[in-house]
1. Working only within region 81-99, note down all residues that are within 29 Å of residue 19 (Cβ to Cβ) and without any contact (Cβ under 8 Å) to a residue 12 or more places away in the chain.
2. Given (1) exposed (fewer than 10 other Cβ atoms within 10 Å of the Cβ); (2) within 14 Å of residue 28 (Cα to Cα), where does residue 119 come up short, assuming only one miss?
3. Keeping to region 39-77, report how many residues are over 30 Å from residue 17 (Cβ atoms), surrounded by 10 or more Cβ atoms within 10 Å (Cβ to Cβ) and either within 20 Å of the chain's Cα centre (by Cα) or in contact (Cβ under 8 Å) with a residue 40 or more places away in the chain (or both).
């Protein structure tokens with residue numbers, strides 16, 4: 001009996017997750033699109049106040065989208081996590097790719113794995 005109740009609860013939980021994803025994933029994608037198209041934001045040097053001010057119109061646009069889509073307060077946090085997850089995933093892929101390329105280049109240059117290179121060999125290479 002307990003297993004039947006537990007299984008039913010799990011099914012309902014999965015259904016709620018699907019419902020949330022069906023609502024939030026498209027909005028997260030639209031959020032990413034808005035950020036990608038936004039050209040007025042300060043990137044790099046600038047005072048915190050200036051940077052924040054440069055992104056206010058984008059934040060307003062996103063909040064208006066939330067109003068239009070009737071987003072629940074707790075869903076906004078989930079949407080933000082999805083957006084950040086997208087950026088983090090792309091960043092991780094790029095970093096891993098660059099690290100693999102660097103390992104290949106090191107092996108090509110030294111003729112062996114980086115872990116096999118001695119400090120003496122590095123010193124000799126620098127002094128050439």
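None of the figures in this text is laboratory data; all of them are computed from the coordinates on show. From a predicted model like this one, the values you see are computed outputs, not experimental measurements. Reconstructed Cβ throughout: ideal geometry from the backbone, glycine too, with neighbour counts over all protein chains shown.
1. Hits for region 81-99 are 81, 84, 85, 87, 88, 89, 90, 92.
2. So the condition that residue 119 fails would be (2).
3. 3
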